[in-house]
Amino acid sequence: MSEKILLTADPGAGFRAHADELRVAVERVLTSGYYILGPEVEAFEAEFSAYQGGGHTVGVANGTEAIELALRAVGVRAGDGVATVANTVSATISAIEQIGARPVFVEIDPATMLMSPAALAETLTQSAVPVRAVVPVHLYGQPADLGAICAQAQARGIPVVEDCAQAHGARWAGRRVGTWGAAAAFSFYPTKNLGALGDGGAVFSGDAAVAERVRRLRQYGWRQRYLSEEPGRNSRLDELQAAILRVKLRHLDAENAHRARLAARYCAAARSLPGLVWPTVATPAEHVWHQFVVRTPKRDALVEFLSARGIRAGVLYPVPAHRQPAYAQAISLPATERACAEVLSLPCHPGLTEVDVDRVLAALKEWPTP
Ligand SMILES: *Cc1c(COP(=O)(O)O)cnc(C)c1O
């Protein structure tokens, strides 16, 4: 008997689950004659804003440019420092570098692996490069401590731009991520909780002026057609992806609830698997389980052990930003470095069942921990 391979993300399953609705949406765009920034993008922007509980959404080409344009829109310029974490995908750092700004790395809380408010306080007072924005990353689907982070930034008049690429629908203290900062960036890369079938992203802001500025920046700095008010670029969302995202958005809460059920099943087995460190969820956080991440110093051996049993554990991310050749900094972030050496993601997405989770747990129980 050949068992199915369990993946950490499965965009194909995400398509098949809603294939009929998606085909209708795609057909509607094909026959409409509008393919870039048309009625589907406008409708998606309105629907995503409503999902966020009000505010403004601007569709852009991808999550990386969403971060970049959000930072530009809140006033970040070349030479400015942008405080963020190093245990993130290169995209977060790339967005900062595109502006000519400089990433200033903040240590994480070792329990949640998210930006430490205490470390942020230190960075904001001690950084050699003046920090002009703070970018917390809601890694794995869990909000960073937005209450403490926003309070500290606000006390110094520094805007917060939330990297929400892994946390669509998550809440901190009952309020959606993306609504806490001056602006927020979302990615709709196919593996994300809200995924398109191609590239896509959005900037969300409660501030109409910030959103208006992003609207200009995403299309040549145009205020109106053919009139560039400021230097801009092309970072447009297309109609096909917007139509697809409108379908996917209707299923986001149900799919996040499915992820939470799988995560609960994993967590219920934690006591019988003491060789692993299990996820810590901060009390006011509503986690959306983009990744279900456990830790062990024997990470690479466990990844291999699971792979031999048809279980593909992911590693997000093996090399912290300050150790990447492109962004290397001679600093030490012990908690960050340790997390990057120990994390692995167990399969946890809406295409899986509790039976699949039980198969992963059974494999983990066979793992010969010392
Ligand atoms: C996916 C991701 C991004 C980048 O999004 P793209 O759409 O791939 O450009 C940025 N930050 C985080 C944390 C991500 O997971």
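The values are calculated or read from the model by the stated rules, or taken from the named source; none is laboratory data. As the structure is a computational prediction, the values presented were derived from the model and not from experiment. When we count neighbours, we look across all protein chains shown, and the Cβ atoms used for this are built from the backbone with ideal geometry, even at glycine. Surface areas here come from the heavy atoms of the whole protein model, side chains and all, with no ligands, DNA or RNA. Shrake-Rupley method; radii C 1.70, N 1.55, O 1.52, S 1.80 Å.
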message = Please report the net charge: other residues with Cβ closer than 15 Å to the Cβ of P297, K and R +1, D and E -1.
response = 0
message = If I model a spin label at E3 and R225 as a point 7 Å from the Cα along the Cα→Cβ vector, what separation in nanometres do I get?
response = 5.8
request  = Note down, for the chain, the three equivalent ellipsoid semi-axes (square root of 5 times each alpha carbon gyration tensor eigenvalue), biggest first, whole angstrom.
outcome  = 33, 27, 17
key: CD proxy at 222 nm, helix term only [per DSSP H run n ≥ 4: -39500 (n - 2.57); per residue of the chain; nearest 500]   = -12000 deg cm²/dmol
inquiry  = So if I take the alpha carbon set of segment 196-350, get Rg, then get Rh from the Kirkwood formula, what is the Rg over Rh ratio?
reply    = 1.07
inquiry  = Can you tally the net charge around W180? Count Lys and Arg as +1, Asp and Glu as -1, for every other residue whose Cβ sits under 14 Å from the Cβ of W180.
reply    = -2
message = Within 11 Å, Cβ to Cβ, of C340, how many net charges do the neighbouring residues add up to if Lys/Arg are +1 and Asp/Glu are -1?
response = +2
Computed E for A46/R312 - FRET, C-beta separation, R0 45 angstrom, nearest 0.05 = 0.75
Where the chain is the region considered: accessible area per residue in Å², 1.4 Å probe = 42
note = Per the charge dipole of the chain (beta-carbon charges, Lys/Arg positive, Asp/Glu negative, Cα centre), the residue among H287, I244, L114 reaching farthest to the positive end is L114
ask   = Could you give the nm distance between label points at A282 and A362, where each point is 7 Å from its Cα heading toward the beta carbon?
value = 3.8
note = Here the gain from full extension of Q98 to R175, 0.36 nm per residue of separation minus their alpha-carbon distance, amounts to 24.7 nm
message = Let me spell out the model: positive unit charges on the Cβ of Lys and Arg, negative unit charges on the Cβ of Asp and Glu, origin at the Cα centre of segment 252-366. What dipole size does that give, in debye rounded to 20?
response = 260
The chain - charge dipole about Cα centre, Lys and Arg +1 at Cβ, Asp and Glu -1, debye rounded to 20 = 120
query = Counting only DSSP beta bridges with both residues in the chain, what percent are antiparallel, rounded to the nearest 5?
reply = 65
key: Highest-first arrangement of 222-229, 246-253, where packing means the average Cβ count within 10 Å   = 246-253, 222-229
task = Report the paramagnetic label zone for A118: residues of segment 330-357 whose backbone N is under 20 Å from a point 7 Å from Cα along the Cα-to-Cβ axis.
result = 332-340
task = Express the carbon and sulfur contribution to the solvent-accessible surface of segment 11-246 as a percent, rounded to the nearest whole number, probe 1.4 angstrom.
result = 50
remark   = On the accessible surface of segment 252-366, probed at 1.4 Å with all protein chains in place, carbon and sulfur together account for a percent value of 57
